[in-house]
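Written below as structure tokens is the structure these notes are about.
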Amino acid sequence: MSTHRSNRTRAISIVAGLGIVALLAAGCSRGGDGGGGDGDGAASSPGITDDSITLGITTPLSGGTAGPGTCTVAGITAYFGAKNADGGVEFGDGKTRTVEIEALDDAYDPQKAAANFEQLKDSVFAMTAGLGTPTNRAWREAAIDDEVPQALVMTGDPIFSDAEQSPWQLGFVPVYQNEGQAFGELLASSSEDHKVAILSQNDDFGEGYVEGFKVGIEGADNIEIVKELTYEATDTSVDAQLTELAATGADVFVNAMSITPLVISSLQKAQEIGWLPNWFLPSNTSSPSAILEPGGASAFPGVYTVAFAQSSAAPTFADSEEGAAFLADLKEYADYPDAPAFPHCVWSYQVGATLEQVFGKMTEPTRADFMKQLRSISGYTAPLMLEGAVVDTTEDGLPAVSNVVVQKYNGKGYASADTWD
């Protein structure tokens with residue numbers, strides 16, 4: 001291989017009119033239609049040669065979820081950019097390959113996501129990392145029909161971790177029910193009476209959080225859900241819902257939202273109308289710098305979320321060896337010069353590390369062997385994991401990561417919250 005600098009992965013670029021992000025390892029040919037094998041063993045699947053493997057991503061790179069969506073590309077690009085610069089990734093068949101990524105913008109639109117999959121499916125080996133429940137669902141059945149892996153995608157929808165229903169899929173992040181249940185259990189640990197108001201996205205994303213929260217508070221006679229409302233992912237305002245919920249006098253607000261601007265405006269609107277409850281926010285819309293600070297979250301008595309990965313916003317993050325390496329890789333190979341505001345950059349970096357574990361087990365250059373090995377990772381501590389969190393893909397019905405830690409916002413970042421205070 002050439003030098004560290006000359007092997008640098010080209011920066012993320014969104015091509016006008018096409019919304020294409022092309023991330024190619026400099027000096028390395030792109031995986032084609034599966035040719036290039038030496039003829040031994042099983043015939044190669046599309047997107048892999050003796051020298052390279054190409055992964056596809058459909059994710060929001062524009063619109064209200066562009067911040068976390070861009071991170072789903074940046075983190076994995078940074079991880080494999082560094083690996084490519086060091087010569088590539090060693091596979092279980094004894095070959096060393098560079099990993100190339102081709103990503104398309106779906107703007108959190110299910111129809112665009114499905115079209116992106118159709119565009120990519122014959123040239124990439126596997127799809128990975130893309131953000132969104134409705135967008136990943138839009139092409140799940142097509143991926144099954146075409147036998148294309150939809151691996152370690154960023155959705156907490158349980159269907160992606162059910163091997164019988166989704167034989168070519170596996171989610172990466174904890175299912176939404178797990179996050180919601182953790183919130184409920186934390187609140188149930190309180191000795192005080194609480195009134196709860198709920199605003200959730202009107203889809204599987206929102207329904208999962210609400211379902212899990214209700215499981216978590218089962219048997220807690222000090223907790224009353226006083227009102228539940230929903231919103232559509234395409235809505236530009238939820239002011240009416242917030243005004244209605246505020247009228248209940250609820251002191252706890254479960255805000256199961258996936259749209260960044262709406263979370264910020266919700267924080268601001270609640271203050272404007274004088275409603276200051278405790279908040280529960282999903283892990284993917286709880287960034288301190290991108291959401292809580294502009295939303296003025298310090299005005300509330302408590303803002304809680306869950307996590308399984310270290311936060312790059314933490315003051316000591318860059319001081320650790322893993323944190324410093326992550327930030328350097330993100331800047332060098334993904335052209336991402338600042339500490340990311342969204343956790344998805346760390347998550348997709350961890351996806352890259354997990355995929356390397358899978359590649360190291362593959363003895364055949366086929367999608368079928370990839371899926372077999374994908375479901376064989378146990379007890380793997382990916383970079384930047386919180387203590388106690390691991391990647392385990394061996395238990396059917398669960399995603400790659402299933403354990404979470406509840407955290408409370410402290411004005412700058414988050415601290416662990418074991419019990420309600």
- prompt: If we only count strands (runs of 3 or more DSSP E) wholly inside region 199-287, which ones have 2 or more residues that are in the same structural domain as Gly302 (by TED's automatic domain parsing), surrounded by fewer than 24 Cβ atoms within 10 Å (Cβ to Cβ) and of a type outside the set (A, V, I, L, M)?
  reply: 223-231
Region 301-338, residues that are closer than 23 Å to Val404 by Cα, more than 18 Å from the chain's Cα centre (by Cα) and among the hydrophobic types (A, V, I, L, M, F, W, C): Val303, Ala314, Phe317, Ala318
- prompt: Looking at region 292-311, which of its residues are touching a helix residue (DSSP H, G or I) at 6+ places or on another chain (Cβ under 7 Å) and without any contact (Cβ under 8 Å) to a residue 40 or more places away in the chain?
  reply: Pro294, Gly295, Gly296, Ala299
task: For Thr381, indicate whether it is surrounded by fewer than 15 Cβ atoms within 10 Å (Cβ to Cβ) and more than 23 Å from Glu164 (Cα to Cα).
output: yes
query: Of the residues that make up region 76-89, is at least one outside the structural domain of Asp204 (by TED's automatic domain parsing), buried (at least 23 other Cβ atoms within 10 Å of the Cβ) and without any contact (Cβ under 8 Å) to a residue 60 or more places away in the chain?
result: no
- prompt: Is there a residue being within 22 Å of the chain's Cα centre (by Cα) and within 15 Å of Tyr231 (Cβ to Cβ) anywhere in region 284-295?
  reply: yes
- prompt: Counting residues that are of a type in the set (Phe, Trp, Tyr), which helices (runs of 4 or more DSSP H) fully inside region 59-176 reach at least 2?
  reply: 66-85
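Per-residue answers, yes or no, for (1) in contact (Cβ under 8 Å) with a residue 12 or more places away in the chain; (2) under 18 Å from Gln169 (Cβ atoms); (3) not polar (S, T, N, Q):
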site: Ala328; (1), (2), (3): no, no, yes
site: Tyr349; (1), (2), (3): yes, no, yes
site: Ala368; (1), (2), (3): yes, yes, yes
site: Arg375; (1), (2), (3): yes, yes, yes
site: Thr393; (1), (2), (3): yes, yes, no
query: So which residues in region 328-387 are closer than 30 Å to Ala43 by Cβ, in contact with an Asp or Glu (Cβ under 9 Å, 6 or more places away or on another chain), part of a loop (DSSP other than H, G, I, E, B) and small (Gly, Ala, Ser)?
result: Gly360, Ser378
query: Residues in region 122-177 that are within 17 Å of Gln350 (Cβ to Cβ) and over 15 Å from the mean Cα position of the chain (by Cα): how many?
result: 1
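The values are calculated or read from the model by the stated rules, or taken from the named source; none is laboratory data. Predicted, not measured: the structure shown is a model, and the values here were computed from it. Positions of Cβ are backbone-derived with ideal geometry, glycine not excepted, and every protein chain shown enters the neighbour counts.
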